[in-house]
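Worksheet for the structure shown next.
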Amino acid sequence: MAFREYRIGCVMFGVALSLSMFITIILPGIDISSMSSTKIALEKQLTYGWETGFNYYDPFLQGKDKPIKVTLTKDPKTGAAIDKMNAYVFPPGTHFPDGLTHDNILGGNVQVLSMSLGEINSASEEQGGVFTVDESEDGTPYIEYATITRGWTVDATLKAADHQSLAGSGKTMFVREGCWWCHTLLPEQTQDWQTFGRPPMVGDFNGESPTTFGSDRKAPDLLHVGSRNSSREWLTMHFFNPRLVQPHSIMPRYDYLWGKTDADGKTIDLAAWDVHYLAYAKGDEVYPPIVPTPAPDSEARMLIDFILNLK
Amino acid sequence: MLKHLFAKEEDIPQGSAGIFFAISSICWFIIGTGLGSFNAAKLGFPDFFHGSYALQFGHMRQVHVHAVIFGWIAMAFAASMMYITPALGNTKLWSEKLGIWNCLLYNVGLCLALALLWSGITSGREYSDHIWPIDLYIAFVMVVPWSLNVWMTILNRRTQGIYTTNWFFAASMFMLIIVFLIGNMPEFLHLTGLNEAYMTWWFAHNVLGLLITPVAAAITYYIVPKVTGNPLYSHRVGHLHFWSIVVFYSTPAAHHLMSSPLPEWLKSFASVEGVLILVPAVAYVCNILLTMQGRWTMFVENIEIKFTITGVLLAIPLNMQGGFQQTRAINWYIHGTGWIVAHAHLALLGFSTFAEAAAVYYGLQVLLRRKLWSASLANFHFWMLLIGFSLYWISMTIAGLIQGAAKIYEVPYVDVVIAEHPYMIVRWLGGTMVFFGNIIWLFNMVMTARAGDPVPVGRQPAEVAYTR
């Protein structure tokens, strides 16, 4: 560093790089962090839980440490009929999304209402609990800690549920299996908005990690796929072997997500299935072999729940 | 190499670290392109090798990307720095021993990192896929010792000034560490939402822009004057290149997310800065091509110049694409399509790989003091790489334009898949040519080390390339 020029150069380099990072990290960070959550962001946080990529509580990405999304048509506490609604059950020990544990994620009135009307401050991860998403009279969404406000306990809610969705664990499968290498979750400003649905808004992501927008679209956008195609049977066949429902698909088979046994406890023999399938593909058999129904705790079921939940 | 791990510093032959890095980089290049070829086969024929969890496309795609970026490109950079930095400072490498340990731990860490990615243990963020413990390993065990060697060699130089190449080496290593640690903040601090999405692409943009582009350029700043014997055309244009890289290349990260709901001011700012990338690009390409004045026959005769100048020429379409494809109008058409895949391969397999291959060819000959075992095989490797890459680039560009049109005109997606099928097959063929070319390369370099003719003291490999 003997030359004076190099000292000047180093200082200039530091100034340039710092200025660049100030403009491209600090300023956008302030701007983005000032956005309030939308209702979609609240629902996503409560569906996907704390973190979907690698984390300390689910190091092998098996879909652990995730809430369960349930559909209710009766009040878990009183048993009285209610309008169909969703609730998010966090069994004790499940980690909360950032919106429930940090003061600056929900943003603005959403935060205020979630604390005052929703009583989210009384929730703790050790006890778990049930959450719902509500709207105030002026349309501001907020999170409600239904275990306090409505007296809904975890066990009673799971028992009263018409349907349980493992969409949170399914997102882990979406990340682990690399679905996002081909399917984006970001309709673009083209006719996408007509075929694939409304683009995400600025407050739609608060508290979600990772956001898995995807970048390389070798397959259709999936952000609203559950609205286009809500058939569990179609998706089951599609994940087992996409060529069953779409002969030209280049999607890989995800038959291994079924695990060892199907919903009836019967052993799944992929090799035998393949023999019949190849005969069917050749034209020797009229019908393709039956696709096994995924077991309720199988990874295939989680992934299908996640896809169906993308409304 | 391993016998030097516990040797005394003065007992280790100079250049050992460079050789270790260079041979490792070629091996990783074979692995990375092999994986790429395998993945491409799956996009053409989805039931190719199905039924195994480990060979699933979604598990292997990122392994290809990281094997190539961290294995081939970064290790070839390390190999280049281990011999170019001391040569330009008229001194020895600061520590050969550190370099050898660095290379060993680099290989071990990379194997571990890729194994984890392969099994699906990922952060779910493109280009920063590695989980945070691996990120820390990469930063502090793989990159910091490497940087330390480069910086200390420059500080201990025996020349008065610092040559252009070494500015870039020193600055890029610094920027790499900063970008790596800040870009992985979402994982270290659990940042969420759009901040996380934006930081993912801030990292992806800057790690390519502040490491790969400038270091590849820095290598050509060394190879072309050294092998041709011409002085660099202009030191001042080099200054312009350097400072405009720092200022313009570190700012347009948001142009990767033009269709996301990021703040509009940020997207506009990024788009303008993205066009300004043409400033360093034009300065650089002109500077190198003008350095070739009077020596253009070497483009045909000399293998290092052939590789380097091909890389520089590929930088012209690369930067023209890069400058303009991120403006809103063009991005609207091609974002998320195969065009981008083609562009990424133009940057990494086109421009930078050709520059690095030249540096590894030249470096191994200089460090081993042996000339190439077979110039014919080297030429064969060049053409396999160039033709394979061209097939890949052209087919993916066409596929991208088809996808873009289908996106605009509301074509059902499966029709795009059908239309792209022939291009997917061509892409596979191209990638496979690159893979086989690299196997030939490794063979040639191993034979060079074992049986290459010695280069006489004081002579350049290029001078004796055609003497028997």
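The values are calculated or read from the model by the stated rules, or taken from the named source; none is laboratory data. Just so it is clear, the structure is predicted and the values come from calculations on it, not from any experiment. We place every Cβ from the backbone using ideal geometry, glycine too, and count neighbours over all the protein chains shown. Side chains are part of the model used for accessible areas, which takes the heavy atoms of the whole protein and leaves out ligands, DNA and RNA. Shrake-Rupley method; radii C 1.70, N 1.55, O 1.52, S 1.80 Å.
How far apart, in nanometres, would the label points at B:Leu278 and A:Asp103 be if each is projected 7 angstrom from Cα along the Cα-to-Cβ direction?
4.9
Can you figure out the FRET efficiency of B:Leu189 with A:Lys282, using R₀ = 45 Å and their beta-carbon distance, to the nearest 0.05?
Values: r = 55 Å, r/R0 = 1.22.
Computed FRET efficiency for B:Leu189 and A:Lys282: 0.25.
Over the Cα atoms of chain B, each weighted equally, I'd like the Debye log10 I(q)/I(0) at q = 0.06, 0.10 Å⁻¹, rounded to two decimals.
For chain B at q = 0.06, 0.10 Å⁻¹, log10 I(q)/I(0) is -0.25, -0.72.
Would you mind putting B:78-85, B:134-141 in packing order, based on average other-beta-carbon counts within 10 Å, highest first?
Answer by packing, highest mean first, reads B:78-85, B:134-141.
Return an integer: the convex hull volume of the alpha-carbon atoms of the stretch B:332-468, in Å³ per residue.
Numbers: hull volume 13.3 nm³, N = 137.
Looking at the stretch B:332-468, the number lands at 97 Å³ per residue.
Towards the positive end of the charge dipole of the stretch A:39-166, with charges on Cβ (+1 Lys, Arg; -1 Asp, Glu), say which of A:His102, A:Pro76, A:Phe131 has the farthest Cα.
A:Pro76
Which residues in the stretch A:202-231 have a backbone N closer than 17 Å to a point placed 7 Å from the Cα of A:Glu125 along the Cα-to-Cβ line?
A:207-210
So what are the radius of gyration and Dmax for the Cα set of the stretch A:39-166, in Å?
14.0, 43
Could you please put B:Glu301, A:Glu177 in sequence from largest to smallest accessible area, using a 1.4 Å probe?
From most accessible down to least: B:Glu301, A:Glu177.
Rounded to the nearest 20 Debye, what is the dipole magnitude of the stretch A:172-309 about its Cα centre when Lys and Arg each give +1 and Asp and Glu each give -1 at the C-beta?
Values: 12 positive and 18 negative charges, 34 e Å.
Here the stretch A:172-309 has a charge dipole of around 160 debye.
Given only helices, namely DSSP H runs of n ≥ 4 each adding -39500 (n - 2.57), what is the per-residue ellipticity at 222 nm of the protein assembly as shown, to the nearest 500 deg cm²/dmol?
-17500 deg cm²/dmol
Can you tell me the mean projection area, over all orientations, of the convex hull of chain A's alpha carbons? Units nm², please.
Numbers: hull surface 92.9 nm².
Hull-based average projected area comes out at 23.2 nm².
For B:Glu273, tell me the accessible area in Å² from a 1.4 Å probe, rounded to the nearest 10.
Looks like 30 Å² after rounding.
Using a Förster distance of 56 angstrom, determine the FRET efficiency expected from the C-beta separation of A:Met201 and B:Thr467, and round it to 0.05.
0.20
Specify which residue in the list A:Ala161, A:Gln45, A:Leu270 is farthest towards the positive end of the charge dipole of chain A, using unit charges on the beta carbon of Lys, Arg (+1) and Asp, Glu (-1), about the Cα centre.
A:Leu270
For chain A, what's the relative contact order in percent, using C-alpha pairs closer than 8 Å and at least 6 residues apart?
About 18 percent, as a whole number.
Quick one: how many Å² of B:His235 are accessible to a 1.4 Å probe, rounded to 10?
Estimated to the nearest 10 Å², B:His235 gives 90 Å².
Short version: ³J(HN,Hα) in whole Hz for each residue of the stretch A:300-308, in order, from phi by Karplus 6.51 cos²θ - 1.76 cosθ + 1.60 (θ = phi - 60°), x for Gly and Pro, what are they?
For the stretch A:300-308, the Karplus-derived couplings read 4, 4, 4, 5, 5, 4, 4, 5, 5 Hz, x marking Gly and Pro.
Would you be so kind as to identify which of B:Gly124, B:Leu194, B:Ser25 lies farthest towards the positive end of the dipole of the protein assembly as shown, taking Lys and Arg as +1 and Asp and Glu as -1 on Cβ and the Cα centre as origin?
Comparing the listed Cα positions along the dipole, B:Ser25 ranks first.
Using the C-alpha atoms of the stretch A:172-309, what convex hull volume per residue, in cubic angstrom, is computed?
Spread over its residues, the Cα hull of the stretch A:172-309 gives 124 Å³ apiece.
Give a residue-ordered list of calculated ³J(HN,Hα) values for the stretch B:253-270 (Karplus: 6.51 cos²θ - 1.76 cosθ + 1.60, θ = phi - 60°; whole Hz; x for Gly, Pro).
3, 5, 5, 6, 10, 4, 8, 8, x, 5, x, 5, 4, 5, 5, 5, 4, 5
Taking only protein heavy atoms and a 1.4 Å probe, what accessible area per residue, in Å², does the stretch A:172-309 have with all protein chains in place?
On the way: 5540 Å² over 138 residues.
Result: 40 Å² per residue.
I need the phi-derived Karplus couplings for the stretch B:193-205: 6.51 cos²θ - 1.76 cosθ + 1.60, θ = phi - 60°, integer Hz, Gly and Pro marked x.
Values per residue, Gly and Pro as x: x, 4, 4, 5, 4, 5, 5, 4, 7, 4, 4, 4, 5 Hz.
How many angstrom separate the Cα center of the stretch A:149-201 from the Cα center of the stretch B:174-221?
Value for the Cα centre distance between the two parts: 29 Å.
Ranked highest first by the average count of other Cβ atoms within 10 Å around their residues, in what order do A:267-274, B:258-265 fall?
B:258-265, A:267-274
Could you pull out every one of the lysines with an alpha carbon less than 22 Å from that of A:Lys77, ignoring same-chain neighbours closer than 8 positions?
Of all the lysines, those that pass the test against A:Lys77 - Cα under 22 Å, at least 8 places apart if same chain - are A:Lys69, A:Lys159.
Taking amide H positions as placed in the peptide plane 1.01 Å from N, state which residues far from A:Ile82 in sequence (5 or more) or on other chains have amide H under 5 Å from it.
A:Lys74, A:Asp75
Given the protein chains as shown and a 1.4 Å probe, how many square angstrom of A:Lys64 are accessible, to the nearest 10?
Here the accessible area works out near 110 Å².
Over the Cα atoms of the stretch A:1-78, what Rg and Dmax result, in angstrom?
In Å, with Rg to one decimal and Dmax whole: 23.8, 81.
Compare B:Phe324, B:Phe180, B:Phe49 by solvent-accessible area with a 1.4 Å probe and give them largest first, with all protein chains kept in place.
Sorted by accessible area, descending: B:Phe49, B:Phe324, B:Phe180.
Could you please put B:Val341, A:Val112 in sequence from largest to smallest accessible area, using a 1.4 Å probe?
Per-residue accessible area, sorted high to low, gives A:Val112, B:Val341.
Can you give me the Cα centroid spacing of the stretch B:260-298 and the stretch B:304-378 in angstrom?
The distance from the Cα centre of the stretch B:260-298 to that of the stretch B:304-378 comes to 15 Å.
So what is log10(I(q)/I(0)) for the protein assembly as shown at q = 0.06 1/Å, when the Debye sum runs over its Cα atoms only?
-0.40
Just how large is the dipole of the protein assembly as shown about the Cα centre, in debye to the nearest 20, putting +1 at every Lys and Arg Cβ and -1 at every Asp and Glu Cβ? Present the calculation step by step, with values, prior to reporting the outcome.
Working: 49 positive and 58 negative charges, 609 e Å.
For the protein assembly as shown, the charge dipole is close to 2920 debye.
Return the long-range amide H neighbours of A:Thr261 (sequence gap of 5 or more, or a different chain), with a cut-off of under 5 Å between placed amide H atoms.
Correct list: A:Ile268.
Over all pairs of distinct alpha carbons, what does the Kirkwood formula give as the hydrodynamic radius of the stretch B:244-398, in Å?
About 17.1 Å for the stretch B:244-398.
A:Val112 versus A:Leu158, label points 7 Å from Cα toward the beta carbon: distance in nm?
My value for the distance between the label points is 3.8 nm.
Placing unit charges on C-beta atoms (Lys and Arg positive, Asp and Glu negative, everything else neutral), compute the dipole magnitude of chain B about its Cα centre in debye, rounded to 20.
My answer is approximately 1180 debye.
Which residue, A:His183, A:His276, A:His224, tops the fluctuation ranking in a GNM of chain A built on C-alpha contacts under 10 Å?
A:His276
Roughly how many nanometres apart are two label points built 7 Å out from the Cα toward the Cβ at B:Val144 and B:Asn156?
Output for this residue pair reads 2.0 nm.
Name the most mobile residue of A:Gly283, A:Gly178, A:Gly99, meaning the one with the largest mean-square fluctuation, in a Gaussian network model of chain A with Cα contacts below 10 Å.
A:Gly283
Give me the angle, in degrees from 0 to 90, between the Cα long axis of helix B:74-89 and the longest principal axis of the Cα atoms of chain B, rounded to the nearest 10.
Orientation of helix B:74-89: about 40 degrees from the principal axis.
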